[in-house]
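Q: This is the structure I have questions about; it appears just below.
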Amino acid sequence: MILFLAALNILQYYNISKEIGRTSATYTITTTLFTSYPPPPQNEIRIRVSTTTSLYATGLLSYLASQFNKLYPTIKIDFIPVGTGAALKIAERGDACAVFVHAPDLEQQYISKGVLEYGRIFAYNYFIIVGPSDDPAMIRNATSAEDAFRRIYYAGESGKAIFISRGDNSGTHIKELSIWNKTGLDPHGRPWYREAGAGMDQVLIMSNEMKAYTLSDIGTYLKFKKEGRLPYLEELFSKGSDLINIYSMYIVKSCSSDLKIYAKKFLDFVYDNQKDLIGKFGVEEYGAPLFNPAVGREKELTCEWLRIAEGS
């Protein structure tokens, strides 16, 4: 398993092996440093990046790419916005040079398979549970995400609530399933539980139209709410560290060496400028950042990433 070295602001590969006993874990780290890059190419090159939909739908990635292009106008970034599961499969097929994702338990599987390298945590925000303003499941009074899901389950069984799941093996979908698993309840196949097989933007629109509950990242919700696209949907539950949403970026190991150099340039740019670019993104429009930069919280976020990856 990979232990993130996001606190080290250097160019690096890393390989970490982990031996877990009942009460302790030992990490062995091997690091190779890259100290220089060739100058920007004279001719235009294009880097394909598969990404989770939340980073794309909010406009963050397009903004980061536009700022990057001010320094490197000949390096064009082409984003492929899909769920995290699909983004990782695209990487495995070799159809992208980098990935931006938010599902540690899935990420570690692809790290173990040798698909990904050069991983860094660069941002985080939180998942929230949204639903109709009248809140028929009364999740505003819930004590935890699991309690909120239990309330939705029983409200659904009594015909009072609908829940719309991403159903697309995305990071948000994986988080939703982990919460259901903790409740000991299985909503699959119940008439009130709808699997959309769609991105966060589409699921929020569906939930608004059907006055249903869903799990969302806060960034996409705030953007759509501010734009007036979710008049019937409210943020109803957002308590607890279990709802933290960690975003990581990786280089795809099979990416050709000439493209990999420039893909790393983009990842380094994002990492090195996260405080100004990510920390201020959305503040002017929405009154708060849609994402938080990882800088300053690297150790804590690394521990959270490992906890989620281990399923604890």
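Each reported figure results from applying straightforward, stated rules to the coordinates on display, with no laboratory input. For clarity, every value in this text was computed on a predicted model and none was experimentally measured. Note: ideal-geometry Cβ built from the backbone for every residue, glycine included; neighbour counts use all protein chains shown.
Q: Within the chain, what percent of beta bridges assigned by DSSP are antiparallel, to the nearest 5?
A: Roughly 65 percent of the DSSP beta bridges within the chain come out antiparallel.
Q: Could you line up 105, 258, 168 from fewest to most neighbouring Cβ atoms inside 10 Å?
A: Placing the least packed residue first, the sequence is 258, 105, 168.
Q: Which shape class, rounded, prolate or oblate, goes with segment 241-293 when its Cα gyration tensor gives a ≥ b ≥ c as root eigenvalues, a/c under 1.5 marks rounded, and past that a/b bigger than b/c marks prolate?
A: Oblate.
Q: With springs only between Cα atoms under 10 Å, which of 40, 136, 293 fluctuates most in a Gaussian network model of the chain?
A: 40
Q: Now, a different point. At a temperature of 4 °C and a viscosity of 1.567 mPa s, determine how fast segment 97-146 diffuses translationally according to Stokes-Einstein, using the Kirkwood radius over alpha-carbon pairs as Rh; express D in µm²/s, rounded to the nearest whole number.
A: 90 µm²/s
Q: Next question, about the same structure. Taking chymotrypsin sites (Phe, Trp or Tyr not before Pro) that fall in a DSSP loop and have at most 15 other Cβ atoms within 10 Å as cut points, what is the longest piece of the chain between them?
A: 35-231
Q: Could you size up the charge dipole of segment 126-243 around its Cα centre, putting +1 on the beta carbon of Lys and Arg and -1 on that of Asp and Glu, and report it in debye to the nearest 20?
A: 120 debye
Q: Please work out whether the chain counts as rounded, prolate or oblate from its C-alpha gyration tensor, where a ≥ b ≥ c are the square roots of the eigenvalues and a/c under 1.5 means rounded, while otherwise a/b larger than b/c means prolate and anything else oblate?
A: prolate
Q: Let me ask something else. Okay, helix-only estimate at 222 nm for the chain: each DSSP H run of n ≥ 4 adds -39500 (n - 2.57), divide by all residues, round to 500 deg cm²/dmol; what do you get? Each step should come with its number before you reach the end.
A: Details: 12 runs with 120 residues, N = 312.
That calculation yields -11500 deg cm²/dmol at 222 nm.
Q: State the antiparallel share, in %, of DSSP beta bridges confined to segment 126-243, rounding to the nearest 5. Present the calculation step by step, with values, prior to reporting the outcome.
A: Working: 8 of 12 bridges.
Counting only bridges with both partners in segment 126-243, antiparallel ones make up about 65 percent.
Q: From zero up to wherever the largest Cα-Cα distance of segment 126-243 sits, split into 5 Å bins and tell me the percent of pairs in each.
A: Using 5 Å bins, I get a P(r) of 2, 13, 25, 28, 22, 8, 1, 0 for segment 126-243.
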